[in-house]
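Working notes for the structure below.
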Amino acid sequence: MENRAEVLVDLGAIRENVKYLMARSGKPALAVVKADGYGHGLLPVASSALSAGASWLGVALLEEAQALRQGGISAPIIAWLTPVTDDFASAIVEEIDIAIPSLAHLEAITSAARSTGKCARVHLEVDTGMSRGGALSEWSELVRRAKDYQDLGSIKVIGVWSHFARADESGHEFNKKQLDNFNNALLTAKDAGISPEIIHLSNSAAAINDSNAHFDLLRLGIAIYGLSPDFLFMGSSEKLNLKPAMSIRAKIHLVKDVPAGSQVGYGGSAMTKVDTKLGVIAMGYADGIPRSANSDAGVLVGNKRAPIIGRVSMDQFVVDLGRDSSAKAGDWAYIIGSNPSDSYTSASSYTADSWASASATINYEIVTRIAARVKRIYHG
Ligand SMILES: *Cc1c(COP(=O)(O)O)cnc(C)c1O
């Protein structure tokens, strides 16, 4: 039996992207593998990135870090979205580095450290203008207390870090403002007697756009998957010399001839203009195909694009194959990318970027939203 739908992940592409980004910047890399490796698979991506030379891994959740440890990964890992109610004691025992964005986190983590009798490895997070993670007004108090707890042996400040809001907008003055704020926060930390081993600020966009923000380590997410941090501001994967790692394909469930004037799908939101052949594709919004996708998205079947017609349903969507299509039930339809054994040019394939613009979202959401019920297949 063949799968109904598959995410095909080219691990060789991930390794190439990691190597390329490290060579380009000359800096060590932390591979960001949160959200199941941006939908590509946590452990396979983590192993590939490490084998290509990344020295750190980063995740949002503690569970993600623990899954990496359970998968046998011993490289340093940071988890940066850990509510104060998390099980920090386990994290400390498993040598998972924890981000500290507030005094409340510092207290919770130091008390967990005391309970285990071990020293917690932490990264103090400063808010430099995004107003999301990190300490803002608490920063000077946070570094002072962190120094006290470090002296008592309950924590070790491994890193100081922050995050950009607009790094994709190269040259935007807000980036300079965040960088200035970060440098000031580093001085405050230094004055308090904190000297971190590693200072880190750049995501993929800043790693590509702004070498002044590189510091000691780049936190590379979307770019290691071969996708552009922002198609509009920074251009396509191809322009950035990145190789997209994810293709998605699904079976054509049905092929049928329909006359001109047929309404298609729920709400009859689309109508065939001419006699045509429709294909029913065996993936829907429960699989992560955006219901908001318009007819700028579709599938590649044979050597031809077949645009979406009508609304995406839960488990399926309909494409207009065109009257002359030779597609048949059971064929693969490529939602992203193309069959490597066919002679398609990448220009005719649909991409995470084309799906994003057809759905008023970003490529990050397209790849991370593909549901667990779609099997991941690895090659490369
Ligand atoms: C997700 C994330 C990154 C990676 O961002 P990309 O834009 O995917 O490179 C880096 N740092 C933090 C804190 C993140 O949450």
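The values are calculated or read from the model by the stated rules, or taken from the named source; none is laboratory data. Worth saying up front: this structure is predicted, and the values here are computed from it rather than measured. Positions of Cβ are backbone-derived with ideal geometry, glycine not excepted, and every protein chain shown enters the neighbour counts. The accessibility values were calculated without ligands, DNA or RNA, using every heavy atom of the protein model including side chains. Shrake-Rupley method; radii C 1.70, N 1.55, O 1.52, S 1.80 Å.
Structural remarks
- Estimated at the nearest 10 Å², the accessible area of residue 255 is 40 Å² with a 1.4 Å probe.
- Secondary structure note: in the chain, about 45% of the DSSP beta bridges are antiparallel.
- Over the chain, dividing the summed -39,500 (n - 2.57) contributions of all DSSP H runs of at least 4 residues by the number of residues returns a 222 nm mean residue ellipticity of -8500 deg cm²/dmol.
- Note on residue 25 and residue 116: the extension gain reaches 28.9 nm, defined as 0.36 nm multiplied by sequence separation minus the Cα-Cα distance.
- Ranking of 296, 320 by solvent-accessible surface, largest first: 296, 320 (1.4 Å probe, protein heavy atoms only, all chains present).
- To the nearest 10, the accessible area of residue 243 is 90 Å² with a 1.4 Å probe.
- Most fluctuating residue given options 153, 310, 134, as computed from a GNM of the chain linking Cα atoms under 10 Å: 153
- Accessible heavy-atom area order of 283, 22, 1, highest first, probe of 1.4 Å: 1, 22, 283
- Length-normalised contact order of the chain in % [C-alpha pairs under 8 Å, at least 6 apart]: 17 percent
- Test item: Cα-centred dipole of the chain, Lys/Arg +1 and Asp/Glu -1 on Cβ, debye: 720 debye
- Dipole of the range 246-379 computed with +1 at Lys/Arg Cβ and -1 at Asp/Glu Cβ about the Cα centre; of 253, 319, 363, farthest Cα towards the positive end is 253.
- Within a Gaussian network of the chain (alpha carbon springs, distance under 10 Å), most fluctuating of 198, 109, 308: 198
- Length-normalised contact order of the range 40-182 in % [C-alpha pairs under 8 Å, at least 6 apart]: 17 percent
- A crude spin-label estimate for the pair residue 239 and residue 140, with each label 7 Å from Cα along the Cβ direction, gives 4.4 nm.
- Of 256, 27, the order by accessible heavy-atom surface (1.4 Å probe, DNA, RNA and ligands excluded), from most exposed downward, is 256, 27.
- Principal-axis analysis of the Cα atoms of the chain puts helix 103-116 at an angle of about 80° to the longest axis.
- GNM result for the chain, Cα springs below 10 Å: residue of 298, 268, 330 fluctuating most strongly: 268
- Residue 93 sits with roughly 90 Å² accessible to a 1.4 Å probe, with DNA, RNA and ligands left out of the calculation.
- Pairwise FRET efficiency - residue 292 versus residue 95, Cβ, R0 = 30 Å, nearest 0.05: 0.10
- Residues in the range 264-307 average 44 Å² of solvent-accessible surface per residue, probe 1.4 Å, ligands and nucleic acids excluded.
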